[in-house]
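Contents: one structure, followed by commentary.
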Amino acid sequence: MAWSTNLRWRLPLACLLLQVALVILFGFFVRYSPDADAHWWEEKRRRNITTDLENEFYYRYPSFQDVHVMVFVGFGFLMTFLQRYSFSAVGFNFLLAAFGIQWALLVQGWFHFFEDGYILLGVENLINADFCVASVCVAFGALLGKVSPLQLLIMTLFQVTLFSVNEYILLNVLEVKDAGGSMTIHTFGAYFGLTVTRILYRRNLEQSKEKQSSSYSSDLFAMIGTLFLWMYWPSFNSAVSYHGDSQHRAALNTYCSLAASVLAAVAMSSALNKKGKLDMVHIQNATLAGGVGVGTAAEMMLMPYGSLIVGFICGIISTLGFVYLTPFLESHLRIQDTCGIHNLHGIPGIIGAIVGAVTAASASPEVYGQEGLVHSFDFQGIKENWSVRTQAKFQIFGLLVSLGMALVGGIIVGFILRLPIWGQASDENCFEDSIYWEVPEEKSTVYIPEDPSLKPSAPSIPLAPLVHLVPLTP
Amino acid sequence: MAWSTNLRWRLPLACLLLQVALVILFGFFVRYSPDADAHWWEEKRRRNITTDLENEFYYRYPSFQDVHVMVFVGFGFLMTFLQRYSFSAVGFNFLLAAFGIQWALLVQGWFHFFEDGYILLGVENLINADFCVASVCVAFGALLGKVSPLQLLIMTLFQVTLFSVNEYILLNVLEVKDAGGSMTIHTFGAYFGLTVTRILYRRNLEQSKEKQSSSYSSDLFAMIGTLFLWMYWPSFNSAVSYHGDSQHRAALNTYCSLAASVLAAVAMSSALNKKGKLDMVHIQNATLAGGVGVGTAAEMMLMPYGSLIVGFICGIISTLGFVYLTPFLESHLRIQDTCGIHNLHGIPGIIGAIVGAVTAASASPEVYGQEGLVHSFDFQGIKENWSVRTQAKFQIFGLLVSLGMALVGGIIVGFILRLPIWGQASDENCFEDSIYWEVPEEKSTVYIPEDPSLKPSAPSIPLAPLVHLVPLTP
Amino acid sequence: MAWSTNLRWRLPLACLLLQVALVILFGFFVRYSPDADAHWWEEKRRRNITTDLENEFYYRYPSFQDVHVMVFVGFGFLMTFLQRYSFSAVGFNFLLAAFGIQWALLVQGWFHFFEDGYILLGVENLINADFCVASVCVAFGALLGKVSPLQLLIMTLFQVTLFSVNEYILLNVLEVKDAGGSMTIHTFGAYFGLTVTRILYRRNLEQSKEKQSSSYSSDLFAMIGTLFLWMYWPSFNSAVSYHGDSQHRAALNTYCSLAASVLAAVAMSSALNKKGKLDMVHIQNATLAGGVGVGTAAEMMLMPYGSLIVGFICGIISTLGFVYLTPFLESHLRIQDTCGIHNLHGIPGIIGAIVGAVTAASASPEVYGQEGLVHSFDFQGIKENWSVRTQAKFQIFGLLVSLGMALVGGIIVGFILRLPIWGQASDENCFEDSIYWEVPEEKSTVYIPEDPSLKPSAPSIPLAPLVHLVPLTP
């Protein structure tokens, strides 16, 4: 590949056109929900509530902010682990997410918040948009270092749409429960991303292999991402659960599951290293697998020990995946998965879907209370005659649909992204910021003595003669 | 300038005197608000409320914490982008903000929370103090690298006072709406800082020009600041809005506006670079312009598409400012604006004020509902006969007053700071931590082989011959 | 010491066994609290509440998340300041905290949340578990760089247990007030850790002395920890206070105290340096002392000026401790306190306990209101006849018990950790990540010209001759 990576006109045009289109569509379609509209006074009378606290804002806003941090700092910094690609990791994630949330507000709005010709905007829409974009961030993890920002915008455009269709089928047609998105976000995002990276297979990627490693400080930056994901995941899995016990329980279960993942990841990381040393890749990723694994069941009566078991198993399998499966996928299936999303989102996502189905199947009036059971699984209206086994069956259908949508969608989008017009880098320039960014030159050489601060940095010019000098010496 | 930069007595004395003065003033003036006082039981009876949830704490505390993060981590890390000045950026910001919030609690308290001889302290005071200090952080951005911590303390002392006077005039005399502070915080802070930096013009600053650049890791640290500012800005603009729909709407509008700014900043950054590459300065700053731009109108019925338009325009203009205006200001007007606050806070602040006036002018009972309109703009009591056009007119007065206060205040404070007694550095030592900080020496040379960890690390192989070479040269 | 540091079997086995034990114990003992159980519908009827907002989740969850960030990012990153030990700092903190919170949920649960044979889990348990683990993180600070992850797990196992016993004695037997844990968390954690490090005294630690320093970027990473601790400390001290005014007041007092600590720390840091320069160690640590110092009294009517005084004094004493006491402890008492926890948690913890006792002793119905006084100090039931002086006396007993438990517990645990089976490093390998971690090798040499990014850094000395060499080559 020797296509031009100069995006001077293509990227600005794409951004500007997309943004103008969004403005127009927002103008036609998006208004405030009753809780955010100045007519709130009438709404309060209508709903017969006396306190502003019943505004949805106060139930959900703190969770929203945590989710927001996960998408931008969590995913953004988690991917900075590559030594020469940190600008792109955090910057492209910023770009795709900022575009994606706007587009998701529209597409999800048409599906879920459409009334009298308008999408009604409130804090719940924001959370859902962040969720949708999280699945794009997941897919980005597989492609990290190999795609241009333009490709990411195109992918986001399609993936957000497909995500919303899939989500609609699961939540509104199949009536599936999936609070934290094991299926809709993680499974879908992961297999979509893996399919795309398979289509975009790069034969000569070993030319840039040495850039695929981390540096000491890039690993620390990545830990910022890991920790914010880990800490706020209880908010993620509970953010759109029903008020009260569901939201509370989802947070508790996720907290437990994540804690168990950490011990599992540390154990396996050490056990699989011949000197017993820990590997930062595992600590950065497999510690999070428990959050994915309880994504569906978190709001159910999974029980704290159930959460621990799920987190424990996911942590183990995820670490095993990084050690054995990722190399296998690359060498045998030509799936180049930069961040190992298959281990963090793919397999744990499927586990999460199955755990959700099993937990649903074993729900009973004894455990939930009769009212609790009906409320938790919406066994009313069209679902009035559903049994928990019906629910479980549909949960599994939801998983299969998500996988199907991911594969088909991924193939289509993959081929679109293969077109040689998006400014993608050649194989030897992958994982390299300087293709798309002005990267600061370190000219601090002269200052080394007085300047103990900023990493010495060998001068580029003086070193060149060095190489020539060597043969000259007798 | 060859004045002493040794602050051994001056800085400690200033800190201790200021802190002792604060203790005394707090002792005389500051008590708890009814919501934070142990007499809350009586207050609940008096206000006839049955639940502790009606305590202001639960309405505002999560937003307060987000704002707090913006001031300390947001501004602090955003300014770490300079390669040799990161300690000072985050450390001096910490110092000035910690002093500033205490002083702001007093001065704002006298203006806004004074009852029966006491300032009554509650969570809203904390938010307002953080807001006030945010305007000092903005001004610090223009001066970054060129002033001593002592100068910053002096500036904070004056700027907090001026801010509070200006805020009082705007909110209580002109009855202006300015929820997120486009005028009070951003416009005032920016033009105050720009005026000060103009007065402190340094003729020979190009001597330290090479230190004004960033390094790879300093740019990443700065992105931490950018992202926390970006993510929490919806909390900032909604933190002191009225309960219920206003707070909710302010968050939604800010979220939309910020998202649009990102695409605008990326588009312009790429379009203005001859190779189409992105510039970290724009991504770190212009992406935030939308938050400033909706600072006044966020709580109004700006409409989601209106927010997108504002964010989009601010992102474009801000990036253009970094490319064309900042160099012009420096070369023609002798305004050395280190962080480009004119582009992030100055122009977007003015835009925000105008957007606020226009949005107010176009408010109508149809859009707000009669009660909503009265409530949103406080059209009762002394404002009972105001029309929306009156409101708009006063909004513009508010902008003009803010600009005037900033210029006059900036000139006075600028001349005070020019006195040669504050330990400021000489021109060639600007942007250099080691003037004011013990900076760790990197002696990792000897350890390179066993220590793959920290820093780079000169190559072990090429270096080996070098050592042998030395004796060989005659 | 030349014991094997290869943890390949020991660490995984320990993690897996502990996690399996936790799963089993959770299975037997842990269920959901009524607020998190699907029977919440019945609970609402029983408690006669009509809104989900009265679920404890909405009172405490935002504070919980802030505390959670403090434990994982706050403590984790604060300890990354060592130039070669950042992986271990953030990674081992992650491991011990993830284990510790699970174990704390059990042990604290048996003491405080045990009903009908089950521990009932809710958001308050999570906060308490994080609190408990915070005391382990404090102790870890003294041991940083000198212990293996296995030792940390063992220490956590014991310390969590001892913490919970001590906490039970203080809160339930002595009926002490200690909202932010000046005694239970800080004093106990610090003196426990100091005792352990005394027992583990390493004679030849100066062999690794040069690794005990920081680097420019490690100091910046540490500032992330400092700032998140500093910003969220008001949430920490108020997280488990009574609803309403107590929680509100605790946040206000902590905010004030912390602000005063910053000025005190800066003043002393500059005054104690012969060139008046600031020392990052002080800024990273002593600025936080005010949060510890108001840990007991924060929820009392300490008054804002009282908080300022406490923060001011703690900041001064803490900085003095870093400069004079830490070297003394090491050279004379053989206490090697890596992070200086004695200055940040030890002394300020004791101060906090005394401040709490004094504030309790001076409580009066005039200041609190009769109901407020009874409510604030629980002067009902078995405490019905207590005077404020009785309360104060018991507060002091609480401090003494905490100190006693810390010393005795520390001695026992110290000797257990001295067993030569835990994979601890030899003295010359202390403060070195590569013993326990795969550390990325920087092979960036070849790429220097095209790769301005990752700070290559040639050694300063070898380069000097290079410059002379160049002209010499023909």
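Charge dipole (Cα centre; +1 on Lys/Arg Cβ, -1 on Asp/Glu Cβ; no other charges) of chain B amounts to roughly 1180 debye.
Seen from A:Val67, the other residues with C-beta closer than 11 Å to its C-beta sum to a net charge of -1, counting Lys and Arg as +1 and Asp and Glu as -1. Projecting 7 Å from Cα along the Cα-to-Cβ direction, the label point of B:Pro365 sits 5.5, 5.5 nm from its equivalents in the other copies, listed shortest first.
Packing here is the average count of other Cβ atoms within 10 Å per residue, and on that basis the peptides A:209-216, A:63-70, B:182-189, highest first, run B:182-189, A:63-70, A:209-216. Each other copy places its own label point for C:Leu419 at 6.7, 6.7 nm from this one, sorted shortest first, where the point lies 7 Å along the Cα-to-beta carbon line. Peptide B:8-21 has a mean shielding of 6, counted as Cβ atoms of other protein chains within 10 Å of each residue's Cβ. In whole percent, what relative contact order does the range C:1-129 give with Cα contacts below 8 Å and a gap of six or more residues? Worked out over the range C:1-129, it gives 34 percent.
Remark on B:Ile119: its backbone amide H falls under 5 Å from those of B:Val30, B:Arg31, a criterion applied only to residues 5 or more positions apart or on other chains, H modelled at 1.01 Å from N. Projecting the Cα atoms of C:Trp40, C:Val71, C:Ala142 onto the dipole axis of the range C:26-158, where Lys and Arg carry +1 and Asp and Glu carry -1 at the beta carbon, places C:Ala142 farthest toward the positive end. Taking label points 7 Å from Cα along the Cα-to-Cβ direction, B:Leu407 and B:Val173 give a separation of 1.7 nm. Ordering C:253-259, B:421-427 by mean Cβ neighbour count within 10 Å, with the highest value first, yields C:253-259, B:421-427. Shielding by partners for peptide A:311-318, expressed as the average number of C-beta atoms from other protein chains within 10 Å of each residue's C-beta, is 2. Considering helices alone, the calculated mean residue ellipticity of chain B at 222 nm is -19500 deg cm²/dmol, with DSSP H runs of length four and up weighted by -39500 (n - 2.57) and normalised per residue. Here's how it looks for A:Ser362: its modeled amide H is under 5 Å from none belonging to a residue 5 or more places away or on a different chain.
For the protein assembly as shown, the antiparallel share of DSSP beta bridges with both residues in that region comes to about 45%. Dipole orientation for chain B: of the candidates B:Gly189, B:Ile412, B:Ile169, B:Ile412 has the Cα lying most toward the positive pole (charges on Cβ; Lys, Arg +1; Asp, Glu -1). What does the charge add up to near C:Thr296, with Lys and Arg as +1, Asp and Glu as -1, over the other residues with Cβ less than 9 Å from its Cβ? That sum, taken over residues with Cβ under 9 Å, equals -1. Contact order for the range C:181-331, expressed relative to its length and based on alpha carbon pairs under 8 Å spaced 6+ residues apart, stands at 27 percent.
Quick one: which residues, 5 or more positions from C:Leu278 or on another chain, have an amide H under 5 Å from its amide H? H modelled 1.01 Å from N in the peptide plane, none for Pro or chain starts. Amide H neighbours of C:Leu278: B:Trp437, B:Glu438. Projecting the alpha carbon convex hull of the range C:1-157 along each direction and taking the average yields 10.8 nm². Once the C-beta distance of A:Ser362 and A:Lys383 is scaled by a Förster radius of 25 Å, the resulting FRET efficiency is 0.90 to the nearest 0.05.
Placing unit charges on the Cβ atoms only, positive for Lys and Arg and negative for Asp and Glu, gives the range C:161-207 a dipole magnitude near 280 debye about its Cα centre. Note on the protein assembly as shown: semi-axes of the ellipsoid equivalent to its C-alpha gyration tensor, largest first and rounded to whole Å, are 41, 37, 37. Normalised by residue count, the range B:311-369 yields a Cα convex hull volume of 81 Å³ per residue. Of interest is the spacing of the C-alpha centroids, which for the range C:368-430 and the range A:224-249 amounts to 32 Å.
Inter-copy label distances at B:Asp116, using a point 7 Å along Cα-to-Cβ, come to 4.8, 4.8 nm with the shortest given first. Sum up the charges of everything whose Cβ sits under 15 Å from the Cβ of C:Phe94, counting Lys and Arg as +1 and Asp and Glu as -1, but leave C:Phe94 out. Result for the neighbourhood of C:Phe94: -4.
Note on B:60-73: average number of Cβ atoms from other chains within 10 Å of each residue's Cβ is 6.
Here the Karplus relation 6.51 cos²θ - 1.76 cosθ + 1.60, evaluated at θ = phi - 60°, turns the backbone of the range B:135-145 into coupling constants of 5, 6, 4, 4, 4, 4, x, 6, 9, 3, x Hz, with x for every Gly and Pro. Backbone geometry of the range B:26-32 corresponds, through the Karplus equation with coefficients 6.51, -1.76 and 1.60 at θ = phi - 60°, to 3J(HN,Hα) couplings of 4, x, 6, 10, 9, 10, 7 Hz, x marking Gly and Pro.
The fewest-to-most ranking of A:Cys430, B:Cys132 by surrounding Cβ atoms within 10 Å reads A:Cys430, B:Cys132.
Computed over chain A, the convex hull of the alpha-carbon atoms projects to a mean area of 27.7 nm². The calculated FRET efficiency for the pair A:Ala21 and A:Tyr118, based on their C-beta separation and a Förster distance of 22 Å, comes to about 0.75. Working note: Karplus 6.51/-1.76/1.60 with θ = phi - 60° gives the range B:426-433 the couplings 6, 4, 6, 9, 5, 6, 9, 4 Hz, where Gly and Pro are set to x.
Each Cα pair under 8 Å and six or more residues apart adds its separation to the average, and for chain C the resulting relative contact order is 22 percent.
Every read-out reported here was derived from the displayed coordinates using simple, explicitly stated rules and does not represent laboratory data. Since the model is a prediction, treat every value here as computed from it, not as a measurement. Quick reminder, even Gly has a Cβ in these numbers, built from the backbone with ideal geometry, and neighbours come from all protein chains shown.
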